[in-house]
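Here is the structure we will look at, set down as structure tokens.
The values are calculated or read from the model by the stated rules, or taken from the named source; none is laboratory data. Quick caveat, the model's predicted, so the values are computed rather than measured. When we count neighbours, we look across all protein chains shown, and the Cβ atoms used for this are built from the backbone with ideal geometry, even at glycine.
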Amino acid sequence: MNNRTARSIYTVSQLTAQIKDLLEANLPFLWLEGEISNLRQPTSGHLYFTLKDEGAQIRAVMFRLQNRLLPFEPADGLQVICYGRLSVYEPRGEYQIIVEYMEPKGLGALQLAFEQLKEKLAREGLFDPARKKPLPFLPRTIGIVTSPTGAALRDILQILDRRFPNLHLVIYPVRVQGPGAAEEIARAIEDLNQWPGIEVILIGRGGGSLEDLWAFNEEVVARAIFHSRLPILSAVGHEIDFTIADFVADLRAPTPSAAAELIIPNKWDLHQGLRNLEGKLGYALRTHLNQLREQVASLAARLLDPHQRLTDQRLRVDDLTIRLSNALSQTLKRKGELLRLKAEHLFLLHPRRILQEYTQRLDQLQRALLVNLRSNLGILRQRMEGTVGRLQSLSPLAVLERGYSIARLLPAKNIIRQARDLGRGDRVEVKVHRGSFVARVESIEESDPSSGPL
């Protein structure tokens, strides 16, 4: 009794609470590496998943306030490194890690986000070459979306001024990196699409790291470019830099300076080309006039007397008139014969005549049907009478009518087949031809099987 009183007995809740205190006190925050599996995200926005390796697994949760800042999209099978704290979910007695931060293992978070968004937009057709719009050859007004203080804008303006002075430009200043930059770029594209007179938009900035160029990798910028009714030229970073905006844009320039050369031709080259075309046009016009003069002289030499030409044409007209009259007479004769043949054929196909033939045929079929029906009914009646006679001869009621009876042992009403199935005092129901009665067994007398039936 004393030993039993001295035992320390926990309830399940007490034990779980103590385990929770021990885990959370000794392992408050830690780094954990594993593979994501069973990922799900309900309407609450929280992420629930399992982290596993070759030998074990642990449940994990990342609440909405933390996962909305992730630059990549978690997925099953992705190797990640997480930072969080251990906790015990007491109602189920399960321990789990509450994740505060997560990054992909090996591949950087920004690079993974870049690849994921690129794959997603490619599946939706945002990179389809068939939807890309051509740049206008000589735009009257160009919209430029970039930082007003960057070197890229100075390079663009210098080259545009050198290639085509007094060109009309609309500069829309935006931030090109940092929080909110992507939204500003997307809004600038939408606004310039509504600006009257603009025919093409150039977006870009100078070089930098992946983080510096990230505003041009945001989905909001990609979709603004995709939905633009104006063609867009992307010039982000250096020649080796590629962004999502480059893939969606109608044309990519390796640098902002190259974009300025692609978007407008050199005015002096155009002037020189026009002068060359003017010279070629004058030479071609003079050559063509000389050829026409020679043709006119040749035709004048070949021109006949108009009176002779008129006489020849009158004779030709008379000849054609006679031939037309003969051809018309022959045609009318053939058409008349064809019409007569069609009329005779139509008489044979007159609906009243065809209807009479079908009426006579229907009367014949009706009479034949009645004859066959009476014959078949007589045969079927004879067969039925023969079958009824055979059924009556085989009916158990006919046997009873000849003086036999059927005995059943009460109360189960089992048919009695031999005397030894009975006992003295048993009640027996006897079925006869007309009705039945109940009898009680007074004595039993068995017959010898070898003696044969009575």
### Message
I'd like the full set of residues that are of a type in the set (Gly, Ala, Ser), under 18 Å from GLU115 (Cβ atoms) and surrounded by fewer than 24 Cβ atoms within 10 Å (Cβ to Cβ), limited to region 193-215.
### Response
SER209
### Query
Exactly one of (1) within 19 Å of PHE216 (Cβ to Cβ); (2) modelled with pLDDT under 90 is unmet by TYR89. Its number?
(1)
### Task
Output the residues belonging to region 209-223 that are free of Cβ contacts under 8 Å to residues at least 40 places away in the same chain and part of a loop (DSSP other than H, G, I, E, B).
SER209, ASP212, LEU213, GLU218
### Query
In the set GLN366, GLN392, which member is at pLDDT 80 or above and polar (S, T, N, Q)?
GLN366
### Task
State the number of residues belonging to region 116-146 that are crowded, with 18+ Cβ neighbours inside 10 Å and under 21 Å from ALA258 (Cβ atoms).
8
### Task
Could you grab me the full set of residues in region 185-213 that are under 22 Å from HIS238 (Cβ atoms) and basic (Lys, Arg)?
ARG205
### Task
Could you run through region 75-97 and say how many residues are surrounded by fewer than 18 Cβ atoms within 10 Å (Cβ to Cβ) and closer than 18 Å to SER37 by Cα?
8
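What about ASP161, is it without any contact (Cβ under 8 Å) to a residue 12 or more places away in the chain, surrounded by fewer than 19 Cβ atoms within 10 Å (Cβ to Cβ), outside the structural domain of HIS271 (by TED's automatic domain parsing) and of a type outside the set (A, V, I, L, M)? Spell out the reasoning first.
On the way: without any contact (Cβ under 8 Å) to a residue 12 or more places away in the chain: yes; surrounded by fewer than 19 Cβ atoms within 10 Å (Cβ to Cβ): yes; outside the structural domain of HIS271 (by TED's automatic domain parsing): yes; of a type outside the set (A, V, I, L, M): yes.
It is true that ASP161 is without any contact (Cβ under 8 Å) to a residue 12 or more places away in the chain, surrounded by fewer than 19 Cβ atoms within 10 Å (Cβ to Cβ), outside the structural domain of HIS271 (by TED's automatic domain parsing) and of a type outside the set (A, V, I, L, M).
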### Query
In the list GLU239, GLU218, GLU183, GLU190, which residue meets the criterion of being crowded, with 18+ Cβ neighbours inside 10 Å and in the same structural domain as GLU119 (by TED's automatic domain parsing)?
GLU218
